[in-house]
Every structure is written in C-alpha cells, then in structure tokens.
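Working notes for the structure below.
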Amino acid sequence: MRRMKRVLRTPLGISASVLLGVVLVLAVFAPVLWGDKASAIDTSAILQGPSSAHWLGTNNLGQDVFYRVLVATRLSVELALVATAIGVAAGLVLGAAPLVLGARLGRLVTAAVNIAVAFPALLLALFFAVIFGVGARGALLAIGFATAPTFARLTRTLVAGVAGLDYIAAARVAGVSRIRLLTRHVLPNIGETLVVNATIAAGSALLSFAGLSFLGLGVQAPAYDWGQLLSDGLDGIYIHPAAALAPGVAVVVAGLAFNLFGEALALGLGVPELAGGSVARAARAGRRAPAGAPLAAAAEENSNPLLGTDRADSVLVVRDLRVSFPGGVHPVRGVSFTVGRGEAVGVVGESGSGKSLTALAVARLLEDPAQVSAGRLALLGQDLTRDPGKRVRRQFLGTSLGMVFQDPMTSFNPVKRVGVQLAEVIREHKGVSRRDAAARAVERLHAVRIPAPHRRYRQFPHELSGGMRQRAMIGMAVMGSPALVIADEPTTALDVTVQRQVLRLLKSIQAADDVALLFISHDITVVGQVCDRVLVMYAGRIVENLPAADLRTHARHPYTRALLAAVPSMHTDRELPLAIVPGRPADPANLPAGCAFASRCPLADAKCASADPVLQADDAGREVACWHADRVPLAAVADTEVPVVISHE
Amino acid sequence: MSELRLENITVRFGSRRTGLTAVDAVDLTVPSGHVVGLVGESGSGKSTLARAAVGLTPLTGGQVLLNGQPVTQSRTARRGRRPLQMVFQDPYSSLDPRMTAGDSIAEAIPRGTLRGAAKRAETARLIELVGLPGGAIDAYPARLSGGQRQRVALARALAGQPDVIIADEITSALDVSTQGAVLNVVRGLQRQLRLSMLFISHNLAVVRYVADIVAVMYHGRIVECGQADEVLANPRHSYTRKLLSAIPEPGTTLDATTDLADLPDEDLDQE
C-alpha cells in the first residue's frame, strides 16, 4: 500500500486521480445540478452557435449543449462501468472454470473462449447488439459480453500461471477443495492484474458505447450519452463545430482518465520487479549519489599490503572492490585478491555473501543501479576501472576473459545454433573470418570432449543434454584463448555424475592451456576439490584466504569451519545431528558495527560486536579476519569431527 | 504411521506412440516407521513417482496401497483426511505469498477436526515442533529464509496428520548451511514421531544421513533397493557405483590428468 501511495504522488498518479475524480464527481452531481437546464427546451434559440448564454451553443430543440455534455457524464460512465462489470464477471467465471471443473470439461470451456477471442471485440459487440436489440440495455449486454472473452483469456492465463506453482499442489495434496483453492489461493494472487486490466477495460467500454450510440445502436432519445450527442452534433459540424467537438472531447478525457488510472494502479499494485517502485527509487537515488570514482582513488593508497600483492605473473588483481546499491545496500565491501597465471581460485560462501556480485563486477557485467568501485581492478595489467572507450574494453574483455554461468540452458540463445554462438565470440572480438571461426569452434567443442563436434556445431542448445550444454558453455568461454575463466556456480544445476565430468573438464582446461580459474560455489567440498586456493566470503568481505589443501587442517575462521562441517559426507555420523551455522546471513542493507558474523559465532565477545576484524596473515601466508583465530585448537580441526556449535537455530 | 506400497506404478506422458514413459512399472515399499531414500539423476522419474503417489499426476498403471488398501478407498481418505502428504523442492514457490505461515499450516489441518483456539494451538505446536520461533506463525513467507520456509512446509505436511510423508528434494534449493538445519529437523521428527517417509534426493550423502533403506532410480526404473548400509557398501548396479564414485569427497582433489574416459558414457545415452 505504501507503494500505491507513492505512485499516486507521481505526476502520472496525480493527473490520473484528478481526471478520474472530476469525471466521477460530474457523473454523480451533474444530473442533479444541471438536469433541468440540460433538458429545458427553448424554441426561440434553435441551433445557435456559442454565445454567453449558451457556451457551446444549442441543438435543434434549443437545448444547451454544454449542460447536456456535462449531464451525459452519468449515463456514459454508468453504462461503461456496468458493461465492464458484466464483462469481468463473465470473464472470471469462464477463465476460472477450467480449474474448478477439472481437465476435461475445462478444455471445452477454454476452447470456446479461444474461438471467441479470435473475433475482434467490436465485431462481437455489433453482433450481440443485433441479438439483444437496439437500446441502452442491448448495448450494455453487447459490450459486456464482447469484453468477456479477452478477460476470460487473461484470467485463464493468470490462473494457469499460479496453478502451476507448488503451493497450489501443496494445497491440493492437503485436501483443499477446488472452490476454496480458487478463492483462497488463486484469486488473491491474480487480483492485482485483473483490477488493473478492468480499469483499462472500462476506458475501452466507454469508447465502445460512444461508438454504438453514435451508430444509433446504443442509447435512444430522449435519453442521451456522449455518443448520441456526438451523432447529433456531427450533422452541423461545419456550422457549429463546438456541438460535435464537445462530446468528443468528453469521451477522450473520460477514456484517458480510466486508462491513466489503470496505468497508475499497475505501477502501484503490479509486480515489484516489473513496475519497479524499487527500481524507480533506485534510479532516483542513483542520480543523487556521486559516481564511485572518488572512492576508488582514495582507496588505492591505504590498501593492506598483505592483500593481493601485485606479482609479475598475476592475471587478475582486485583491490578494495566495492559494490553498492542505492539505499545504503553494500553487498560487496572491500574485496581484495590476486589470481596468478594458471591458478585456480575458489570463492565460497552462502547465498547473499556477495560472491557472485564479485564475479560480475570483475567481468564488468554489473550495470545501473549497481555502483562498482575498486582501488585497483586489473586484468593482465590492464586497468579495468579506467575507461579506454567501450569498444576497446569490450574487445579486451571478450578475448582475455571467459565466463561460465550456472544455468547452461538460459545462457545460450535458444534459437541460434550452438556452433554459431561459439564462433561469434572470436568473429566479434578478433575479426576472424567465418570459416576460421567455425573451424576454431569445432576444435573447441572437441577440446571440451563433445563427441561428433561437427554435428553438434549445427545443433540447437535444446538438442544437447544439460552436462553437454555446460561443456559447450565452457568451450565458448575458452574460444578466445582467455587468460582467466570465471565460473559462477557452474555445476549447481547439474547431477553429481555430470558435475564431476564438468569439474574435471575445467581442471584439465586449466592445466592444458594455463588458464587461470575463478571458481564460485556455495559448496566448499567442491571448491576444495577443484581449486588451489580458497577465498571464503561472508557479508561482502573475504574472511579467510588459504590453500585448498589446508582447508581441513588449517581453517581458522569459525565460519569456514562451520561451512566445512555442515556438508554431510559419506562418513557423517548418522547418530549425531548435523552441524549447522545458526542464525541467518547478515543483511547487506543493515550490517552491524563489528564483525558481521558475530551474531552467529560461538566465539563472539564484546570486541567482536564493536570492532570489525581485518585480514591478518600468518607465517605461512594464510589470511583470516577473526579476533579469535588463535583460539582454535588446530589439532582438533584435522579430525573429521570438526568442533563447531551444534544448535537447532 | 503405516506402510506405503507402490505397486507396479507406471506413468506415461503424451500419446501412445510418441509419448514418454517417465515411471516404468515401479514397485517400492515404505515400511511403517522407516525412511526410504530414493536417489537418481534428474529426469530419472523420481519426482514424477512422488507426484503420482500423492495424486498430482494421473497413474497410467499400478496402484498406491496404504496398509494393503488402495489410498483412495482407505478409511481415513473417506473422512476427508489425506493420508499422504508431500513437501516440495522449492520453498519459494511452495508457500502462498499472501498467507501467513500459520494460515498455510492451519489450512492443512483436516476439516472438521479442530476449530478456533484449538486450531491455533495445534498450529503453534507444529511450528514449535519443526523448530521455528513462535513469532513465525504470523509471518508472511517473504519474511522467512529458505530454510525456515522449508520447515513451515514440513509443519504443513504434518498438520494433515498423514500416514506417510513424501519429501521431494526438500534440501536441494537450500544452501549447505541451512540444508543441515532442515535435515536435523527431518531426522528429529522421524525419531520422535516414527514417521514413514519417502525421501527423494539426488544427493547420496544426504539420503544416507536420513534413510534406512535406499532405492536407486535410473531411466524410470528402480535398479537397486536395499538396506542403506548394504547398498552403499556393496553397490550391485553399475549406475549406483557410478553415483557413489561421483560424490565429492572432502579433502580430496580432482585429478585433472585422470583420463576422461567416463565422459562419452553420458553422450552415448543421448544418441
């Protein structure tokens, strides 16, 4: 509701509400106030033009056109609203019927509706008008039923969308009756869209009525609505244009009022992501906030010398990387690391820890409203924060960096052949000829162990299995012989058997081509298997940085140890409860003053609550950000039974 | 709690000629008070079997028996109670966003058994049973984390006073950290209430943790079934062996030089 209020304060909201308010007030009060004046016949003043006595002139009975236009508001609006109500009601019944009636009968109803939708609404209205007879009532039913099929179709689509969701299935399994299913679960979840569309439909109904009355099929004299007034006035349009224009303007204004209000409702009630109260807010806030540049410059000097030292063979250097969203949300807060040539670095953490945003920021894939700043962000020594021009940077990134995403189905374009999509990478960035690019694509498909690469080259993404698609994705990532491949949860959507193949493939490519790998995953076991070094992220910071081989023996941060213990393995003791990380992940919009993990940490004390620990390296170069890193009995960690809090949250 | 027997269950989609047999003559028994773990890769028919068992997908053949009687004719079903309840994979779509956790749970309580204060008390008891704070009863799903939602879904399943619960990949949409919490609740409930449960997952380590009996599904068929220790220690079917060897083992590293001989396997299945 707060969003609704905010929308009503925008220019669109204000003008829509004012317009609709005026129309509705007129509809209620105009007949009461001016009804007599509008119907007063004055034979001495027939068909006059505008004058001070009759602002818009008079008609052929000497009645005042201005008052008649105002008074006609009620009938016009009333008819439009009733017709819409008929249409919406009939549409709801027809659209929801398949859910209540079951599959077989439902299919019949749906088929009937689909046929009705095929006819234009105006044609249907004329057809019904003939059936129901000339006059206001006939027109009402005609327009009402003409609106029904579109509404039924809309309802059907919305119902089908909701009915496929698990909570409907859950309610069915729980034995909830079909009627209750409809009223309790389905209708409330589609109501917003229906209300919005009903408002817009009211605007069109108003227009349709004017049309029918204009044709003489609608309201009959002595009653009058705008359409009829328009038809009267049109006879003398060359002599008294005002008499024809005024009802026309009234129709336009009222129609606009309904449609604009519908738009405003859509903004206020609609799906947040689409209608985007938040996005609009974000954009506004973004304009106010200064660009990330000043922050970037300041951070370069005081960065911790231990972090991400710039080695000569570094592929990627990230220093003090920050990502923020308008509204004080800081999902990535000063991340620094280095990836050496041919090195596999894993980033692990819960959802919301900022690991994926870090990857996207490095690949320069974050757009407004996200603000990215970094003390240094260099790939192969090239500073990515400076802007050498869009083309140059795109070309550089396109060839030096490969990206593999979680879902191989959505990361390929479904209507283009796999091979063409691979070839496109180097055709676009390196200007390679079509023939050479195709040869390279086939060679890459072969390199990622796709059998019969020539045939696969010509296939579409849906013709490949999930695992093969992900391998093709990896093939695409290494098309341009990149120095770094970023893989963001590349195996989360895959089965364990396929996961192992994909992981092995990544490893072998890393080894064969000396490609560095930035591997992002929530599964610390997988990261430990694939990577040389592991970065553990929590609440937008790196809290631990250590060689993967040391994970079991030298992990010192309580969060890392909790993650390690939380994964059940084939040796987990079935008699004991699983170790869990108690509490909820930190909220990036509302971070505590001290250590972000303190509220979930068994070792937390007063110091943790007040001061935020920074990464400190030990003698072997392992880094950890914890005040109590030394309080961990290292010998015990080596055991399979990691001593972490066991709690039921 | 009671024994669930799936007898000769077949589910086909599409027409006779071009259709797909998702579940092919599956026999599976969930003994009273036991947890049966069902593993298999995506597309093997595990979820279809679960949906068919609770009546969300029509059976092409076979029957679902509860204590020897067809589920639809069982005594309890006639009184309006649904003896089979299901917990779904995605906690984000399995709760109505416009109903509080309490309302969602209360809705599943069999009609006519409890009303008013007694219904609310039962809801509160269930909320506590699955380890949620009391305040969760009035919370909308948007305010709950994935793990908390999944526990609400568990409470909702329990509210139906089921004889058997079917849990379909209930932890695969969760982070490892919350997965543990949900598994602990499942394990605790099972020991406390002697639940009969069909626990479906693609993760063998998870299944091993909660299940007494393990069944392996492959291409719509059960290829191996037996005591968990037995199946995991001495797998007989080649797919079970492949599955076991694919589990990432903590503290090991993948050897990139290992020949990738097993890669074409999957592809041959595709051709």
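The values are calculated or read from the model by the stated rules, or taken from the named source; none is laboratory data. Owing to the predicted nature of the structure, the values given are computational and were not obtained by experimental measurement. Don't worry about glycine lacking a Cβ; one is built from the backbone with ideal geometry, like all the others, and counts go over all protein chains shown.
Restricting attention to the range A:542-552, which residues are part of a strand (DSSP E or B) and surrounded by 19 or more Cβ atoms within 10 Å (Cβ to Cβ)?
Scanning the range A:542-552 gives A:Ile542, A:Val543, A:Glu544, A:Asn545, A:Leu546.
Output the residue which, of all residues in the range A:553-591 that are closer than 30 Å to B:Pro235 by Cα and part of a helix (DSSP H, G or I), is nearest to the other protein chains (Cβ to nearest Cβ).
A:Ala566
For the structure I just gave you, tell me whether A:Val88 is buried (at least 19 other Cβ atoms within 10 Å of the Cβ), among the aliphatic types (A, V, I, L, M) and closer than 17 Å to A:Ser204 by Cα.
Judged against the criteria, A:Val88 is a match.
Within the range B:101-109, can one find any residue that is within 18 Å of B:Val185 (Cα to Cα) and within 8 Å of chain A (Cβ to nearest Cβ)?
No, the range B:101-109 contains no residue that is within 18 Å of B:Val185 (Cα to Cα) and within 8 Å of chain A (Cβ to nearest Cβ).
Scan the range B:161-181 for residues that are touching a strand residue (DSSP E or B) at 6+ places or on another chain (Cβ under 9 Å) and either assigned to a helix (DSSP H, G or I) or more than 10 Å from chain A (Cβ to nearest Cβ) (or both) and jot them down.
Matches in the range B:161-181: B:Gln161, B:Asp163, B:Val164, B:Ile165, B:Ala167, B:Glu169, B:Ile170.
For (1) surrounded by fewer than 23 Cβ atoms within 10 Å (Cβ to Cβ); (2) under 19 Å from B:Gln190 (Cα atoms); (3) more than 9 Å from every other protein chain (Cβ to nearest Cβ), each residue gets a yes or a no:
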position	(1), (2), (3)
B:Arg115	yes, no, yes
B:Ala124	yes, no, yes
B:Gly134	yes, no, yes
B:Ala139	yes, no, yes
B:Ser145	yes, no, no
B:Gln148	no, yes, no
B:Ala159	no, yes, no
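Please go through the range B:227-240 and pick out each residue that is polar (S, T, N, Q), assigned to a helix (DSSP H, G or I) and surrounded by fewer than 13 Cβ atoms within 10 Å (Cβ to Cβ).
Selection gives B:Ser238 alone.
List the number of the failed condition for A:Gln459; all other conditions in (1) within 15 Å of B:Leu254 (Cβ to Cβ); (2) in a loop (DSSP other than H, G, I, E, B); (3) within 12 Å of chain B (Cβ to nearest Cβ) hold.
Going through (1) within 15 Å of B:Leu254 (Cβ to Cβ); (2) in a loop (DSSP other than H, G, I, E, B); (3) within 12 Å of chain B (Cβ to nearest Cβ) one by one, A:Gln459 breaks only (1).
Kindly check whether there is at least one residue in the range A:380-388 that is surrounded by fewer than 22 Cβ atoms within 10 Å (Cβ to Cβ), touching a Gly at 6+ places or on another chain (Cβ under 6 Å) and of a type outside the set (Gly, Ala, Ser).
no
Is it true that A:Ile86 is more than 21 Å from A:Tyr224 (Cα to Cα) and over 33 Å from the mean Cα position of the chain (by Cα)?
yes
Report, by residue number, each residue of the range A:164-178 that is more than 16 Å from B:Arg81 (Cβ to Cβ), at the interface with chain B (Cβ under 7 Å from one of its Cβ atoms) and hydrophobic (A, V, I, L, M, F, W, C).
Passing the criteria: A:Leu165, A:Ala169.
Counting just the residues of the range A:168-204 that are under 23 Å from the mean Cα position of the chain (by Cα) and of a type in the set (A, V, I, L, M), which one comes out surrounded by the fewest Cβ atoms within 10 Å (Cβ to Cβ)?
Residue satisfying both the conditions and the ranking: A:Val195.
Residues in the range A:407-419: is at least one assigned to a helix (DSSP H, G or I), surrounded by 14 or more Cβ atoms within 10 Å (Cβ to Cβ) and among the basic types (Lys, Arg)?
No, because not a single residue in the range A:407-419 is assigned to a helix (DSSP H, G or I), surrounded by 14 or more Cβ atoms within 10 Å (Cβ to Cβ) and among the basic types (Lys, Arg).
Looking at the range B:241-256, can you tell me whether even one residue there is facing another protein chain (nearest Cβ under 7 Å), outside any helix (DSSP H, G or I), modelled with pLDDT under 85 and farther than 24 Å from A:Ile524 by Cβ?
no
Residues are listed down the side, and each one gets a yes or a no for (1) within 22 Å of A:Ala257 (Cβ to Cβ); (2) of a type in the set (Ser, Thr, Tyr); (3) touching a Leu at 6+ places or on another chain (Cβ under 8 Å):
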residue: A:Arg2; (1), (2), (3): no, no, no
residue: A:Pro11; (1), (2), (3): yes, no, no
residue: A:Leu19; (1), (2), (3): yes, no, yes
residue: A:Val65; (1), (2), (3): yes, no, yes
residue: A:Arg68; (1), (2), (3): yes, no, yes
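Looking at (1) in contact (Cβ under 8 Å) with a residue 60 or more places away in the chain; (2) buried (at least 18 other Cβ atoms within 10 Å of the Cβ); (3) not β-branched (Val, Ile, Thr), find the lone condition where A:Pro613 falls short.
All conditions pass for A:Pro613, except number (1).
Taking the conditions exactly as written (among the β-branched types (Val, Ile, Thr) and either in contact (Cβ under 8 Å) with a residue 60 or more places away in the chain or not in a helix (DSSP H, G or I) (or both)), does B:Val223 satisfy them or not?
yes
Looking at the range B:187-217 only, could you name the residues that are at the interface with chain A (Cβ under 9 Å from one of its Cβ atoms) and not in a helix (DSSP H, G or I)?
Passing the criteria: B:His202, B:Asn203.
Would you check which residues across the range A:405-428 are farther than 19 Å from A:Tyr457 by Cβ and touching a residue at least 40 places away in the same chain (Cβ under 8 Å) and list them?
The answer is A:Phe405, A:Gln406, A:Asp407.
Could you list all residues from the range B:48-79 that are at pLDDT 90 or above and part of a helix (DSSP H, G or I)?
Passing the criteria: B:Thr48, B:Leu49, B:Ala50, B:Arg51, B:Ala52, B:Ala53.
Pick from the range A:333-380 the residues that are free of Cβ contacts under 8 Å to residues at least 60 places away in the same chain and either more than 29 Å from the chain's Cα centre (by Cα) or part of a loop (DSSP other than H, G, I, E, B) (or both): which of them is farthest from the other protein chains (Cβ to nearest Cβ)?
Only one residue fits best here, namely A:Arg364.
Search the range A:519-529 for residues being among the aliphatic types (A, V, I, L, M) and over 23 Å from A:Ser373 (Cβ atoms), and hand back the single one that is nearest to the other protein chains (Cβ to nearest Cβ).
Here the answer is A:Val526.
Are there any helices (runs of 4 or more DSSP H) wholly within the range A:201-311 with 2 or more residues that are at pLDDT 85 or above, and if so which?
Answer list for the range A:201-311: A:226-234, A:241-269.
Would you mind finding the one in B:Asn184, B:Asn234 that is out of contact with any helix residue (DSSP H, G or I) (no Cβ under 7 Å at 6 or more places or on another chain) and facing chain A (nearest Cβ under 9 Å)?
Criteria check complete, one pass: B:Asn184.
In this structure, is B:Ala173 over 20 Å from the mean Cα position of the chain (by Cα) and either surrounded by 15 or more Cβ atoms within 10 Å (Cβ to Cβ) or at pLDDT below 90 (or both)?
no
Mind checking which residues of the range B:190-206 are touching a strand residue (DSSP E or B) at 6+ places or on another chain (Cβ under 9 Å) and under 15 Å from A:Arg574 (Cα atoms)?
Passing the criteria: B:Gln190, B:Leu204, B:Val206.
Only one of these is more than 7 Å from every other protein chain (Cβ to nearest Cβ), more than 26 Å from A:Arg622 (Cα to Cα) and either more than 32 Å from the chain's Cα centre (by Cα) or among the basic types (Lys, Arg) (or both): A:Asp513, A:Asp550, A:Asp532. Name it.
Selected residue: A:Asp513, the only one of A:Asp513, A:Asp550, A:Asp532 that is more than 7 Å from every other protein chain (Cβ to nearest Cβ), more than 26 Å from A:Arg622 (Cα to Cα) and either more than 32 Å from the chain's Cα centre (by Cα) or among the basic types (Lys, Arg) (or both).
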